Amino acid sequence: MELKKIASFTVDHTKLDKGMYLSRQDGDVITYDIRMKRPNQGDYLGNGTLHTLEHLFATYARSGPLADGVIYVGPMGCRTGFYLLTRGLSHGEAIALVQESMDFIAAYQGEIPGATEVECGNYREQDLPGARAVAADMARVLRGWSEEKLAYRT
């Protein structure tokens, strides 16, 4: 079997800044790249921060009026951001959802949803202060984000 180059490996990571990008479209499923850290700069999402962001981002995105359009919210293996997969949402709705999610996480206080031994396979590794700081930074980055900015810079 010949291994094919996947779409995300064709993006020039030396030109990638923090932001939200249209990664790919497969039929009616749209994948967004929510880039929280600049690639290969030595500053990555810590495991606890990443884990808490995942719990809060996924829970928030699946709890609101656009929940039926959210297929998946999950971290990138490189620890520089998240993927958001949607169906039936406009780009504007997806941008607003991510903006609202970051505002929610930046202000969040309380128990982390799904962070018990029964609900999670690594429930102890959480970092709410770290997640709040990253979300606050992304909220600033995404303020005024538009559909025109979804294109990767080449």
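Name the one entry in Asp68, Asp28 that is farther than 19 Å from Gly130 by Cα, surrounded by fewer than 18 Cβ atoms within 10 Å (Cβ to Cβ) and in contact (Cβ under 8 Å) with a residue 60 or more places away in the chain.
Every option except Asp28 fails the conditions.
For every residue, the table says whether it meets (1) touching a residue at least 60 places away in the same chain (Cβ under 8 Å); (2) aliphatic (A, V, I, L, M).
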site	(1), (2)
Thr14	no, no
Lys18	yes, no
Ser23	yes, no
Gln41	no, no
Leu56	yes, yes
Arg62	no, no
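Do the conditions hold for Asp33, that is, is it assigned to a strand (DSSP E or B) and among the acidic types (Asp, Glu)?
yes
I'm told Ser146 meets every condition in (1) out of contact with any helix residue (DSSP H, G or I) (no Cβ under 6 Å at 6 or more places or on another chain); (2) buried (at least 16 other Cβ atoms within 10 Å of the Cβ); (3) among the small types (Gly, Ala, Ser) except one. Can you identify the failing condition by its number?
(2)
Quick check on my filter: what residues within the range 103-139 are charged (D, E, K, R) and either touching a helix residue (DSSP H, G or I) at 6+ places or on another chain (Cβ under 7 Å) or assigned to a helix (DSSP H, G or I) (or both)?
Result: Asp103, Glu125, Asp127, Arg132, Asp137.
In the range 83-103, what residues are in contact (Cβ under 8 Å) with a residue 60 or more places away in the chain and small (Gly, Ala, Ser)?
Gly88, Ala94
Rule-based calculations on the coordinates, nothing more; no lab input. Being a predicted model, the structure only gives us computed values, none of them experimental. Backbone-built Cβ (ideal geometry, glycine too); neighbour counts: all protein chains shown.
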